[in-house]
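Data block below; observations after.
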2 protein chains.
Amino acid sequence: MNIAILFGGSSFEHEISIVSAITMKKVLKNTVLTYIFVSADRKFYLIDSEKINSKLFSSGAYRKSKELTLKQGAFVIDGMFGSKTVEIDVALNLIHGRDGEDGKISSMMEFFSIPFISPRTEASILSYNKLYTKFLAESLGVKSVAYEYLSKSDERKVTMDYPIIIKPVRLGSSIGVSIVRGPSELEYALDVAFEFDSDVIIEPFVEGVKEYNLAGCFTSEWEFSIIEEPQKEIFLDFEKKYMDFSRDSKVLAADIESSLERKIQESFKKIYDPLFLGSIIRCDFFVIEDEVYLNEINPIPGSMANYLFDDFEGMLKRVAKSLPKEQKITVNYQYIHSIQNAKGKA
Amino acid sequence: MNIAILFGGSSFEHEISIVSAITMKKVLKNTVLTYIFVSADRKFYLIDSEKINSKLFSSGAYRKSKELTLKQGAFVIDGMFGSKTVEIDVALNLIHGRDGEDGKISSMMEFFSIPFISPRTEASILSYNKLYTKFLAESLGVKSVAYEYLSKSDERKVTMDYPIIIKPVRLGSSIGVSIVRGPSELEYALDVAFEFDSDVIIEPFVEGVKEYNLAGCFTSEWEFSIIEEPQKEIFLDFEKKYMDFSRDSKVLAADIESSLERKIQESFKKIYDPLFLGSIIRCDFFVIEDEVYLNEINPIPGSMANYLFDDFEGMLKRVAKSLPKEQKITVNYQYIHSIQNAKGKA
């Protein structure tokens, strides 16, 4: 199977996407990989998978690579004597943050009829925006923590008790996130968050809350990762998370009761099915007094959370073979024909 | 100003989009129009605006037009001796239903940095799907009518009193919609709706409910249409709606109290700002006992609801000049540089 890795993007997480993409080479040893880079100015480049390394991008040398164009059915290389199709079986959307998680890549892949592993556009919009994730969870009967919501132009008023955590609604990887322990810290934390987004979500910060991550997908059956209890130093800052995105070594499963494991899996299923079909996602949960709360959905997790799975490479291929199909719509111009006929008779 | 009209699409409403597009020629008399057709198989064609008529499409003759490719910054015509940019100032997304209203066009225009008049992707997803519109309305403090929700695989159980109205969640123009007066009609109505969508929404059908439509946008100020009381024969079937999409003659404003008009405008503002900036939408409201309920959002209304505005052409140009800007993201490879430096020292 030939998998195209789409990475980069006009995103605050552009660099960690490069790290995720390079990690795939170590993880997908029995797969042909075609690397397609989306530059920060949103051009597509075909990157030689033999030569891929982080310096290729930071130095700007990637610009010497062949530029690609999207045509119906494929990426193509334009040349002097017509265009040449880039032969792939499926694209894996590995662009973290904007472009990858906000529905742009999924919209383009669907429009141009390129099979792709990624949340579809509805799923992207509802998981990329943390406010909409709250709506989604609520409608599916999955608990999530209490929240308040502020737009840049709103009065900066918080009614919740401190400490609180402030998050830009549309970003991942802890970018722009602050823990605020009292009113005196509020202004600065909001300034930081509003640097990155026009809207923020505010939640109570629960010291020492139990956090569990579960990744998975549905192929012909449910395929779940182990449940990980993420290491926390309050929360990972961006640089640590960045290093974390290159992970390819296995971690230990969290030591939890099987009844709690099942509860977490049931919450995952409610979120995933059917909205996220065709994607591998990670859901991060809090457990408070034995109740499971959705914290966040990671629609494109760092290095695809490969280190949480026993057989990541096999699973990726099974996902590729069980992608949701877009509904077929036949356009037959019957209304235009009938109007033309009516006019003809008049 | 040169406005590109994007129309067609892989949509059940492909044909009415053609009608909407042709109507623009009658309405936008002092504007240079560039017609870009999205065929049912999703290729872009540059259509000669002098020759545009419905037969060009129903006969398949459009395929002789020049095919276009999306490149960063523009649509281009590929030719033997390099590619030629199609010069436009702004694109108007006039694709009803799938592709136009589900975020595909907005995603592509944003990705390829082409200025466009249309709901952005978040706004598209929340208005194209009637279930998500309910979430949105609720979160904004706008009332909407009670509803139940069924997926194709769910048990076909309705707990609401009859008569009810069944709508596919993702379609406009009354496609697949039925009024069901009793349990004996339920199965057939659901069969019809599930022909078009995997999910349906069910609402009480209120005989003779007052319905009012308001279109508008925000440019440097609020620009509202007159409020229309749509003519109803229970509800318009597809063929009547289809004819309706070619409207360009003015209608009379509904005869309502100015206090109710203000209430309707206030509900519109709550929905529109800031999510729908950059677009002209129509909101359809019910009024029950002097309370305003959101019925539907029409993110790309038929013929852009031009017939409801005094100065549609002027407004379109003002919208084009007040489009929301995407946040600027600078990628400077600082993390990759710092890791490379750390490695160098090791």
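Structure notes:
- Condition broken by A:Phe44, with the remaining ones in (1) closer than 22 Å to A:Ser106 by Cα; (2) surrounded by fewer than 18 Cβ atoms within 10 Å (Cβ to Cβ) satisfied: (2)
- Listed by position, the strands (runs of 3 or more DSSP E) contained in the range B:167-225 that have at least 3 residues being among the β-branched types (Val, Ile, Thr) are B:199-204.
- Residue selected from the range A:158-200 under the condition surrounded by fewer than 18 Cβ atoms within 10 Å (Cβ to Cβ) and within 14 Å of chain B (Cβ to nearest Cβ), by the criterion nearest to A:Ile125 (Cα to Cα): A:Ser198
- Apart from one condition, A:Ser58 fits all of (1) more than 24 Å from the chain's Cα centre (by Cα); (2) within 11 Å of chain B (Cβ to nearest Cβ); (3) over 18 Å from B:Phe111 (Cβ atoms); the exception is (1).
- Qualifying residue in the range B:100-112 (condition: more than 30 Å from B:Glu15 (Cβ to Cβ), touching a strand residue (DSSP E or B) at 6+ places or on another chain (Cβ under 8 Å) and surrounded by 15 or more Cβ atoms within 10 Å (Cβ to Cβ)): no
- Members of the range A:19-35 that are within 14 Å of chain B (Cβ to nearest Cβ) and touching a strand residue (DSSP E or B) at 6+ places or on another chain (Cβ under 6 Å): A:Ala21
- Of all the listed residues (B:Lys104, B:Lys51, B:Lys84, B:Lys64), the sole one being more than 25 Å from A:Ala74 (Cβ to Cβ) and either within 21 Å of the chain's Cα centre (by Cα) or of a type in the set (D, E, K, R) (or both) is B:Lys51.
- Of residues in the range A:61-75 being within 13 Å of chain B (Cβ to nearest Cβ) and crowded, with 17+ Cβ neighbours inside 10 Å, the one farthest from B:Met108 (Cα to Cα): A:Tyr62
Per-residue answers, yes or no, for (1) at pLDDT 95 or above; (2) of a type in the set (Ser, Thr, Tyr):
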{"site": "A:Ile5", "(1), (2)": "yes, no"}
{"site": "A:Glu13", "(1), (2)": "no, no"}
{"site": "A:Val38", "(1), (2)": "yes, no"}
{"site": "A:Ser54", "(1), (2)": "no, yes"}
{"site": "A:Gly60", "(1), (2)": "yes, no"}
{"site": "A:Ala74", "(1), (2)": "yes, no"}
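- Output for the range B:186-226, where each listed residue is in contact with a strand residue (DSSP E or B) (Cβ under 8 Å, 6 or more places away or on another chain), over 15 Å from B:Phe285 (Cα atoms) and of a type in the set (Val, Ile, Thr): B:Val192, B:Val200, B:Ile201, B:Ile202
- The set of residues in the range B:113-131 that are surrounded by fewer than 22 Cβ atoms within 10 Å (Cβ to Cβ) and assigned to a helix (DSSP H, G or I) contains only B:Leu131.
- Every residue from the range B:311-346 that is touching a residue at least 40 places away in the same chain (Cβ under 8 Å) and farther than 19 Å from B:Asp89 by Cβ: none
- Index of the failed condition, B:Glu239 passing every other in (1) modelled with pLDDT under 95; (2) not hydrophobic (A, V, I, L, M, F, W, C); (3) not in a helix (DSSP H, G or I): (3)
- Taking the criterion of being within 11 Å of chain B (Cβ to nearest Cβ) and within 21 Å of B:Gln327 (Cα to Cα), the residues of the range A:127-144 that qualify are A:Tyr128, A:Asn129, A:Leu131, A:Tyr132.
- Check on B:Lys26, modelled with pLDDT under 95 and farther than 26 Å from A:Ile125 by Cα: yes
- Restricted to the range A:82-99, and to residues there that are at pLDDT below 95 and at the interface with another protein chain (Cβ under 10 Å from one of its Cβ atoms), the residue that is surrounded by the fewest Cβ atoms within 10 Å (Cβ to Cβ) is A:Gly82.
- Selection count where residues are within 8 Å of another protein chain (Cβ to nearest Cβ) and β-branched (Val, Ile, Thr), scope the range A:106-126: 2
- When A:Gln327, A:Gln334 are checked against the criterion of being of a type in the set (S, T, N, Q), more than 25 Å from A:Asp102 (Cβ to Cβ) and not assigned by TED's automatic domain parsing to the domain that holds A:Cys217, a single residue qualifies: A:Gln334.
- Count of the range B:66-103 residues which are within 16 Å of B:Ile5 (Cα to Cα) and not in a strand (DSSP E or B): 11
- Test: residue in the range B:314-330 that is within 14 Å of another protein chain (Cβ to nearest Cβ) and in contact with a Leu (Cβ under 6 Å, 6 or more places away or on another chain): yes
The values are calculated or read from the model by the stated rules, or taken from the named source; none is laboratory data. Bear in mind that the values here come from a model prediction, so they are computed numbers and not experimental data. All Cβ positions, glycine included, derive from the backbone under ideal geometry; neighbour counts span all protein chains shown.
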